1. Straight-line reach from Lys254: which lysines have Cα under 21 Å away, leaving out those fewer than 8 places along the same chain?
2. If I stretch the segment between Phe177 and Glu160 completely, what's the gain in nm (0.36 nm per residue apart, minus their alpha carbon distance), one decimal?
3. Please work out the FRET efficiency for the pair Ala208 and Ser82, using the Cβ-Cβ distance as r and a Förster radius of 41 Å; give the result to the nearest 0.05.
4. Under the 0.36 nm per residue contour assumption, what length would be gained going from the current alpha-carbon distance of Asp62 and Ser215 to full extension?
5. Translational diffusion coefficient, Stokes-Einstein: compute it for segment 172-262 using the Kirkwood radius over C-alpha pairs as Rh, at 10 °C and 1.306 mPa s, and state it as an integer in µm² s⁻¹.
6. To make sure I understand, if each residue's beta carbon is the centre and we count other beta carbons within 10 Å, what order do Phe205, Phe267 fall in, fewest to most?
7. Around Met115, under 15 Å between beta carbons, what's the net of Lys plus Arg minus Asp minus Glu among the other residues?
8. Which angle from 0 to 90°, rounded to the nearest 10, does the C-alpha axis of helix 137-148 make with the longest principal axis of the chain?
Amino acid sequence: MKIAFIGGGNMAAALIGGLVGKVAAPADLHVVDLNADALQALKTRFGVSTAAVIDGNVASADVVVLAVKPQQIGEVVAQLKSVIGAQLVLSIAAGIRITDISRWLDGHQAVVRAMPNTPALIGRGISGVAAGEQVSTLQRAQADSILKAVGETVWVGREEQLDAVTAISGSGPAYVFYFLEAMQKAAVELGLSPAEGLALARATFAGATELAQRSEEPVSTLRERVTSKGGTTYAALTSMEQSGVKDAIVDALKAAALRSKELGDEFGRA
């Protein structure tokens, strides 16, 4: 499978790193970016071919991955439509809808949209994925294999569900880091050093997450097992409930989903 990346930023680099030697050979990977330093770094690290402009390697690719910032997508697609043929276009540009990409590409129908997240940088990501109606079974498999090179995939039935995916997993790593910051802050206020607090918080988060991943029980059951009535965990969770922490988190994620929809509306006006 020949894959061309339009954009050579962090997420493109993560995908390329996952693909090399597993799904595609370096000779089958091509990257287009205006940043010469980024191209040189990718070429040196992975042995891929590079170019500063959309070229014949893009035209001959089986899959074209749009890995640019949302505000750049209009300009990129305008250049791409003159060379696009029957190949799959896989977009990881946040907020850009399949219908708009198809319209900008003069009706090209083979479009898949994905929302990966930053743990893809260490091969532990997860991507929400939606396919256009005329994407073939083979093309779905191609998109899935590319995204699974850096983690898991969840295919949604309706593209608008990607707004929820963006809120939960796309933005999700930031929520985890935010909670880790809070745990570290509490540790310092309770007399531990910042390094000690962060070490305890990180290991606890990683271990609890792995336990939830391996367990077949609901996370609510796992939580209850740690919570003895009248104990320390009970005191902490009671305080959180009284402060409305869970409701605040739910409201925050709904705000993220709404903003994702708003961005799709804004970018799609072009």
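Just so it is clear, none of the values below were taken in a lab; they were calculated from the coordinates. Note that the coordinates shown come from a computational prediction; the quantities given were computed from them, not determined experimentally. Methodologically, a virtual Cβ is constructed for each residue, glycine included, from the backbone with ideal geometry; neighbour enumeration extends over all protein chains shown.
1. Output for Lys254: Lys246.
2. Net length gain for the segment: 3.5 nm.
3. For Ala208 and Ser82, the calculated efficiency is 0.20.
4. 51.2 nm is the gain from fully extending Asp62 to Ser215.
5. Approximately 105 µm²/s, per Stokes-Einstein.
6. Details: Phe205 15, Phe267 18.
Fewest-to-most ranking of Phe205, Phe267: Phe205, Phe267.
7. Working: positive: Lys69, Arg97, Arg113, Lys148, Arg158, Arg259, Lys261; negative: Asp144, Glu152, Glu159, Glu160, Asp163.
Here the count lands on +2.
8. Around 50 degrees separate the two axes.
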